[in-house]
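Worksheet: the structure to be examined is printed underneath.
The values are calculated or read from the model by the stated rules, or taken from the named source; none is laboratory data. No experiment lies behind these values; they were computed from the predicted model shown. Here the Cβ positions follow ideal geometry from the backbone for every residue, glycine too, while neighbour counts run over all protein chains shown.
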Amino acid sequence: MYRITLRIERLEEGPYLGTSPDLPGLLVQADTADKLVALAPSIARDFIAVMIETGQELPPTLTPIEPPPSLPILVPA
């Protein structure tokens, strides 16, 4: 498990774009910010897997963490 910061930007064309300073090259796009946040973990996981499979070095800002025993989650109202 890795922890990354996700930056969310609304594009002029309407959709949202997510990038991460911790994982350069990560790009996530969705119609809404909520969808973007929901998609980002699996896309980041797949991106990291491809980097490992192709022998690319992971960015030094990307460090593994132990899964916490509990964590807060956001529940839409």
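Some observations on this one:
- Some residue of segment 9-19 being modelled with pLDDT of 95 or more, of a type in the set (Asp, Glu) and out of contact with any Cys (no Cβ under 8 Å at 6 or more places or on another chain): yes
- Taking the criterion of being touching a strand residue (DSSP E or B) at 6+ places or on another chain (Cβ under 6 Å) and either part of a loop (DSSP other than H, G, I, E, B) or hydrophobic (A, V, I, L, M, F, W, C) (or both), the residues of segment 1-25 that qualify are Leu6, Ile8, Leu11, Pro15, Leu17.
- Failed item, numbered, when Thr63 is tested on (1) without any contact (Cβ under 8 Å) to a residue 60 or more places away in the chain; (2) surrounded by 10 or more Cβ atoms within 10 Å (Cβ to Cβ): (1)
- Positions within segment 34-59 being without any contact (Cβ under 8 Å) to a residue 40 or more places away in the chain, in a helix (DSSP H, G or I) and surrounded by fewer than 14 Cβ atoms within 10 Å (Cβ to Cβ), in sequence order: Ala38, Ser42, Arg45, Asp46, Ala49, Val50, Ile52, Glu53
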